[in-house]
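Colleague: One structure coming up, written as structure tokens, with questions to follow.
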Amino acid sequence: MTRVSYSSDIKWSVIKDKLAGKLTTKEILAKYNIKHRSQINTWMRWYKNNELYRFDQPVGKQYSYGQGPEGKEKRTRNERPQNDASRNGK
């Protein structure tokens, strides 16, 4: 079994679609050719825990101390995709 690397753009698109609530998890899996729903759950957990630096990490890299490679800009909380449900606490 090989590891699959998903681009940062795909990860953010999945988060945006999931927050919008217009697509089911199965539909998102098919749309972005993601192998398992646990991958979406992981990305959602990162998003909810404000671990945004993780979206740009390559497979197998963990920047636990510096939270990302040196000199790379990090996304801020204001850049996160939002929808009405997330703002209302639902």
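The values are calculated or read from the model by the stated rules, or taken from the named source; none is laboratory data. Predicted, not measured: the structure shown is a model, and the values here were computed from it. Heads up, the Cβs are rebuilt from the backbone with ideal geometry, glycines too, and the neighbour counts pull from every protein chain shown. Areas reflect the complete protein model, heavy atoms only, side chains present, ligands, DNA and RNA absent. Shrake-Rupley method; radii C 1.70, N 1.55, O 1.52, S 1.80 Å.
Colleague: With Cβ to Cβ distances under 14 Å as the rule, what net charge do the other residues near Lys31 carry (K, R +1; D, E -1)?
Modeller: Surrounding charge for Lys31 is +4.
Colleague: Once ligands and nucleic acids are excluded and a 1.4 Å probe is used, how much of Arg37 is accessible, expressed in Å² to the nearest 10?
Modeller: 140
Colleague: Moving to a separate point now. Can you pull the one-decimal nm distance between simple spin-label points at Thr2 and Arg45, each 7 Å off the Cα toward Cβ?
Modeller: Simple spin-label model gives 2.6 nm for this pair.
Colleague: Still on this model: Per the 1.4 Å probe, what fraction of the accessible area of the range 1-59, in percent, lies on carbon and sulfur atoms?
Modeller: 47
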